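Novice: Supplied in structure tokens, the structure appears directly below.
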Amino acid sequence: MDSTTLDRLSALDTNTVSDALDFLQLKGATYGLRPLWDCPKIVGRASTITVGPKTDAKPTTHLLTPVIDAVTTDDRILVISGGAEGVSCWGDIVANASRVKQIRGTIIDGMSRDIDGSRDVGYPVYGRGVTMISARNRLVQVDSGSPVQMRGVTVNQDDYVIADRCGSVFVPAGRIDEVLDLAERIDRRQALMVQDVRAGKPVSEVMHDSKFEAIRQGGTTAPTQAAAPSPRNPKDASPEDQELSALFADSDTPAVSDALDKLGINGQVFNIMPLANYQKVTVGPAFTVRYVPASNPPGSVGDFIDDVAIGDVVVIDNGGRTDCTVWGDIMTQYAGIRGIAGTVIDGVCRDVNRAISDDYPLFTAGRWMRTGKDRVQVGGVNEPVGVGKVRVQPRDIVVADANGVVVVPRDRAREVAEVARKVEKSEEGIRELIAGGASIAEAREKLGYHTLQRKG
């Protein structure tokens with residue numbers, strides 16, 4: 001019975017399971033417990049452990065080892081709570097021991113060190129982050145097999161666990177069949193929604209609230225067939241949009257950032273980073289979207305995308321919220337079909353596997369699996385928004401790459417592009433002089449590097 005249950009859970013992802021928990025009004029999705037290396041999805045049953053500060057000088061057994069030694073089945077995931085910021089409660093020796101015991105992975109509300117050791121043996125570890133500081137004489141095991149708190153979610157021994165690139169989700173053991181039944185309906189319905197999008201149906205219709213209500217009621221209607229698949233986006237980029245975007249086609253964000261500094265323009269978007277290490281630069285005019293907390297009844301979440309032109313960059317202001325997402329796989333699929341250049345979110349995204357496999361450029365404050373439906377709604381489009389401490393006007397020029405995101409005011413685009421080209425030309429000259437034997441100080445002095453970013 002348990003093997004079948006785990007197989008069913010393995011066929012899903014955290015996004016879908018989180019949606020099912022939402023429908024059932026159950027808490028289980030956690031934010032901030034992410035994969036600490038590029039590890040695979042893990043699914044299993046929780047073995048709970050609580051750690052806490054060491055308060056005396058007595059020698060103790062290394063934390064976690066009694067629980068690892070006691071494991072006798074191959075369905076276990078260690079769920080560790082009580083970790084301290086900056087102090088490790090996981091390392092490569094316990095990772096090797098857990099691998100030998102066929103433990104499926106570890107989720108820590110805390111930190112890990114020696115993460116390369118876990119990766120080298122293929123042992124999945126999820127947590128808040130990595131550190132080099134040992135737990136020895138700092139943390140001890142307080143309890144095991146009892147309920148633990150993981151980022152505000154109560155996890156009991158033997159609860160079900162699923163974790164992937166979007167984060168970690170816990171399902172109460174007593175509700176697993178109910179959650180799986182609903183999650184599988186959601187998964188089937190969303191697959192049909194993707195088919196509708198691929199067939200060219202407007203995403204505003206595909207993602208209408210009535211479609212989600214059909215999931216709740218157990219219905220799954222067949223996708224609408226279009227005469228021709230993937231129709232072309234009727235909204236072409238204007239000649240001026242194409243011209244201004246082309247000015248930055250051969251630039252990167254560091255050069256544009258230096259140009260903005262020299263001209264005294266605030267355009268560097270703070271704390272918004274690429275989803276992957278993109279090899280190309282994304283450039284396009286901003287199509288701005290502002291989200292607000294949902295009303296009662298809630299409003300729409302994604303209808304705006306039918307109005308986005310080819311080559312635009314969708315810039316979403318969700319107020320930096322990390323408790324719910326505003327972008328997922330259906331939006332990614334539709335945006336790619338319609339030739340949208342990329343998306344920048346002051347908030348989080350989900351369904352990251354789709355975006356990474358499709359090579360669709362996404363720049364966000366993070367990733368999580370919990371939907372924004374009934375939590376946020378569109379408050380306005382094509383109006384000034386704030387993203388990462390930068391004011392963005394509709395049709396400003398967005399430049400984004402593996403280094404981050406910068407926004408260039410539309411009326412200063414030509415000026416910024418000219419300065420950026422000078423910066424890049426100077427840096428290219430410095431590299432050539434260094435290759436020819438000059439010191440970096442000599443090269444910088446000769447080409448006036450120190451004046452490039454200086455205002456004036």
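Novice: What's the ranking of 103-115, 38-50 by average number of surrounding C-beta atoms within 10 Å, highest first?
Specialist: Working: 103-115: 24.5, 38-50: 20.0.
Output ranking for 103-115, 38-50: 103-115, 38-50.
Novice: Project the alpha carbons of the chain onto their principal axes and report the range along each, largest first, in whole Å.
Specialist: Ordered largest first, the chain gives principal extents of 66, 63, 35 Å.
Novice: Just the projected area, averaged over all directions, of the convex hull on the alpha carbon atoms of the range 239-415: how many nm²? Please list the in-between numbers first.
Specialist: Working: hull surface 36.3 nm².
Taking the Cα atoms of the range 239-415, their convex hull projects to 9.1 nm² on average.
Novice: Now for a separate question. Over the Cα atoms of the range 83-207, Rg to Rh with Kirkwood Rh, two decimal places?
Specialist: 1.10
Novice: Then there's this: Could you check how much of the accessible area of the chain is carbon and sulfur, as a whole percent, using a 1.4 Å probe?
Specialist: 49
Novice: How long are the semi-axes of the equivalent ellipsoid of the range 332-373, taking √(5λ) for every eigenvalue λ of the Cα gyration tensor, in whole Å from largest down? The partial results should precede the final answer.
Specialist: Numbers: eigenvalues 58, 24, 19 Å².
Three semi-axes, in Å: 17, 11, 10.
Novice: Additional query: For a distance above 24 Å, tell me the whole-number percent of Cα pairs in the range 5-178 that qualify. Each step should come with its number before you reach the end.
Specialist: On the way: 4333 of 15051 pairs.
Every Cα pair in the range 5-178 considered, those over 24 Å come to 29 percent.
Novice: If only Cα atoms are counted, what is the Rg of the range 120-187, and what is its Dmax, in Å?
Specialist: When restricted to Cα atoms, the range 120-187 yields Rg and Dmax of 15.6, 49 Å.
Novice: With a 10 Å radius around each residue's Cβ, average the other Cβ atoms per peptide and rank 352-359, 434-441, highest first. Could you put the intermediate results ahead of the total?
Specialist: Working: 352-359: 17.2, 434-441: 10.6.
Final packing ranking: 352-359, 434-441.
Novice: Longer than 20 Å from Cα to Cα, which of 235/280; 27/54; 54/101; 201/235; 41/201 are they? Say none if no pair is.
Specialist: Numbers: 235/280 24 Å; 27/54 31 Å; 54/101 27 Å; 201/235 16 Å; 41/201 32 Å.
Among 235/280; 27/54; 54/101; 201/235; 41/201, the Cα-Cα distance tops 20 Å for 235/280; 27/54; 54/101; 41/201.
Novice: What value, in deg cm²/dmol to 500, does the helix sum -39500 (n - 2.57) over DSSP H runs of n ≥ 4 give at 222 nm once divided by the residues of the chain? Spell out each step's value before the answer.
Specialist: On the way: 14 runs with 141 residues, N = 456.
Counting only the DSSP helices, I get -9000 deg cm²/dmol.
Novice: Right, another one. For the chain, what is the relative contact order in percent, using Cα pairs closer than 8 Å and at least 6 residues apart in sequence? Provide the component values of the computation, followed by the final result.
Specialist: Numbers: 1005 pairs, mean separation 72.5, N = 456.
The normalised contact order for the chain reaches 16 percent.
Novice: Ok, one more. Roughly what would the spin-label model give for residue 11 and residue 142, points 7 Å off Cα along C-beta, in nm?
Specialist: Going by the 7 Å Cα→Cβ label model, 4.0 nm.
Novice: In addition: Among 200, 73, 183, whose Cα lies farthest out toward the positive end of the dipole of the chain, if unit charges sit on the beta carbon of Lys, Arg (+1) and Asp, Glu (-1)?
Specialist: The one lying farthest along the dipole's positive direction is 73.
Novice: How long are the semi-axes of the equivalent ellipsoid of the range 1-71, taking √(5λ) for every eigenvalue λ of the Cα gyration tensor, in whole Å from largest down? Don't skip to the end; give the middle numbers.
Specialist: Values: eigenvalues 195, 56, 35 Å².
Each semi-axis is the square root of five times an eigenvalue, giving 31, 17, 13 Å.
Novice: Along its principal axes, what span do the Cα atoms of the range 345-430 show, with the longest given first and each in whole Å?
Specialist: 51, 31, 20 Å, listed from the longest principal axis down.
Novice: I've got another one for you. What's the local net charge at residue 271, with K and R +1, D and E -1, over the other residues with C-beta under 11 Å away? Present the calculation step by step, with values, prior to reporting the outcome.
Specialist: Numbers: positive: 389; negative: 346.
Net of charged neighbours comes to 0.
Novice: In whole angstrom, and with the biggest value first, how far do the Cα coordinates of the range 272-349 range along each principal axis?
Specialist: 41, 25, 21
Novice: Related question: Which ³J(HN,Hα) values, rounded to whole Hz and listed in residue order, are derived for the range 168-173 from phi using the Karplus coefficients 6.51, -1.76 and 1.60 in 6.51 cos²θ - 1.76 cosθ + 1.60 with θ = phi - 60°, glycine and proline given as x?
Specialist: Karplus values, whole Hz, x for Gly and Pro: 10, 10, 10, 10, x, 4.
Novice: Could you state the accessible area per residue of the chain in Å², with a 1.4 Å probe and every protein chain left in place? Display every interim value, and only then the final one.
Specialist: Working: 20000 Å² over 456 residues.
Counting only protein heavy atoms, the per-residue value for the chain is 44 Å².
The values are calculated or read from the model by the stated rules, or taken from the named source; none is laboratory data. Everything numeric here is computed off the predicted structure, so don't read it as measured data. With ideal geometry, Cβ positions are generated from the backbone for all residues, glycine too; neighbour counts draw on all protein chains shown. Surface accessibility is based on the protein's heavy atoms, side chains included, excluding ligands, DNA and RNA. Shrake-Rupley method; radii C 1.70, N 1.55, O 1.52, S 1.80 Å.
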